[in-house]
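Please read the structure below before turning to the comments.
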Amino acid sequence: MKLTIIGTGYVGLVTGACFAEVGHSVICVDNDAAKVQLLKSGGIPIYEPGLEELVERNVRAGRLSFTQSTAEGVEKSDIIFIAVPTPPLPDGSVDLSFIEKVAREIAAAMTSYKIVVDKSTVPVKTGEKVGETIRRYCKARVDFDVVSNPEFLREGFAVEDLMNPDRVVVGVRSQRPVAAMKEVYAPFNAPIIVTDINSAELIKHASNSFLALKISYINAISIICEATGANVQEVANGMGMDARIGRRFLDASLGFGGSCFPKDLSAFIKIAEQVGYDFRLLKEVQNINAEQMRRFVKKITDTLWVLKDKRIGVLGLAFKQNTDDVRMSPAIELCKLLLKEGAVLRVHDPKAMEKARAVLPDVTYVDDMNEVAEGCDALVIATEWECFKKLDLERARKALTHPIMFDGRNLFDPAEMEQLGFIYKSIGR
Ligand code: UGA
């Protein structure tokens, strides 16, 4: 099928590459000239495992191309996916100006029937507005359908998630675009749920909020575990074996971050408020998340006492493993809080150091994770990178002034760490 994706961020670029991989002919559009140039020359603006090879292979096969022109994309495709950013506004609601602008551009370029699919995360009822906008700005007065098709990929696992979706949600106003949407997704062999547009839009916000709630729930349990000598990982394992609950997203941590959960929670609370419901449950999810960071910092100050001039090594800057994304990263927030207290930081991240430099200039960046502890008073684990599990612990213990480790991601076994001579403080254990 001939498809166009507008927006080459995490969602747009990965979606475009995966659609091409299964045989569709895909045009990716972005208004950022430098980005399009980079993509055309074989570069990738983000780090995402497997993406570079995927893009390269499909460009070479002639199934994937890049352009700055929305009109070209609209003209050459039957289905146009919108995957532009929907950033938060200061009051927590969503900035829909990029969506609105793209809807107008699509409308202006349409000369025959098109299916316009929204993939960006948007508040319920956005599809209706997109429809109204296209109708208003389409001079050719041609027919079209608006579809809501939310995305559920996780950064760091985006290609894997997109190629093997748990489900595909297709929100429609009439049956007309359903067959084409099913054809787009047929190669992915996933269950396809067809709903009305408002429900599809709500599925996305409700899912992300529920996952955030799951994390805050286990983080709250971690506090009780610490107070009673229980182990939050064992509690999570025991709970997770109940198929109704499931083990995933029950890893206690110093809190969730990233460009989705914090933003989507605020947006969903705002949406609820606008329809007259005070979503106190989700407000508490936010409170627990903020509290979790405060408790972690307190753990550090309770042990190290005054932080002024203390040298602290921090492993991890990305908001999660397998990504170079530092937006709303708990690791960056932690570094800022430690710096505010006067600590001196040596930091390392396998992929996010370049992006971190822009937001965290006053720290020492260390290329080798095993050199971070050198001369430090304590070592902190802030991101759940798998490779940190292979840290040379013997070397770290010797390099530290005193062998203290604060693990905000529960990567190591407390008993083993104690045996190795560490004062080891993790979450809920
Ligand atoms: C999230 C959702 O998981 C995706 O389904 C969704 O498509 C995406 O948002 C989106 O809306 O675009 P993402 O933000 O990429 O994906 O990352 P997650 O894997 O969900 O992690 C979010 C945060 O929660 C990270 O800071 C992570 O470290 C933290 N987390 C995750 C925990 O603290 N504990 C867990 O058990 C799981």
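The values are calculated or read from the model by the stated rules, or taken from the named source; none is laboratory data. Here the structure is a predicted model, which is why all the values come from computation and not from measurement. When we count neighbours, we look across all protein chains shown, and the Cβ atoms used for this are built from the backbone with ideal geometry, even at glycine. With ligands, DNA and RNA removed, areas are computed over all heavy atoms of the protein, side chains included. Shrake-Rupley method; radii C 1.70, N 1.55, O 1.52, S 1.80 Å.
Worth pointing out:
- Antiparallel %, DSSP beta bridges [both residues in the chain], to 5: 5 percent
- Note on the chain: Kirkwood hydrodynamic radius from all Cα pairs is 23.2 Å, rounded to one decimal.
- Potential lengthening between Ala243 and Arg294 on full extension [0.36 nm per residue; Cα-Cα distance subtracted]: 15.1 nm
- For a straight C-alpha distance cut-off of 16 angstrom, the aspartates and glutamates reachable from Lys308 (same-chain residues fewer than eight places away being disregarded) are Glu341, Asp362, Asp377.
- Using only the C-alpha atoms, the convex hull of the stretch 96-204 corresponds to 104 Å³ per residue.
- Per residue, the chain reaches -13500 deg cm²/dmol at 222 nm when only DSSP H runs of four or more residues are counted, each adding -39500 (n - 2.57).
- Three-way shape label, the stretch 298-342, alpha-carbon gyration tensor, a/c 1.5: prolate
- Think of a 1.4 Å ball rolled over the protein heavy atoms: the stretch 233-345 then has 50 Å² of accessible area per residue.
- Amide H contacts of Arg311 (H built 1.01 Å from N, under 5 Å, at least 5 apart or other chain): Val344, Asp377
- With the convex hull constructed from alpha-carbon coordinates only, the stretch 280-417 shows a mean projected area of 8.5 nm² over all directions.
- Heavy atoms of Arg136 accessible to a 1.4 Å probe, total area in Å² rounded to 10: 150 Å²
- For the chain, with all protein chains in place and a probe radius of 1.4 Å, 53% of the accessible heavy-atom surface sits on carbon or sulfur.
- Given charges at beta-carbon only (K, R positive; D, E negative), |dipole| of the chain in Debye: 740 debye
- Within the stretch 2-190, all pairs of alpha-carbon atoms sorted by distance into 5 Å bins from zero give the percentages 1, 8, 17, 22, 22, 16, 10, 4, 0, 0.
- For Ile224, solvent-accessible area (1.4 Å; no DNA, RNA or ligand), Å²: 100 Å²
- Among the listed pairs Lys101/Lys125; Lys351/Lys389; Lys299/Lys389; Lys214/Lys389; Lys351/Lys398, those whose Cα-Cα separation exceeds 19 Å are Lys299/Lys389; Lys214/Lys389; Lys351/Lys398.
- Exposure of Asp368 as accessible area (Å², to 10), given a probe of 1.4 Å and all protein chains: 60 Å²
- Modelled label reach - Lys389, point 7 Å along Cα→Cβ, the stretch 300-333 residues with backbone N closer than 20 Å: 315-324
- Summed side-chain charge close to Asn410 - residues other than Asn410 whose Cβ falls under 9 Å, Lys, Arg +1, Asp, Glu -1: -1
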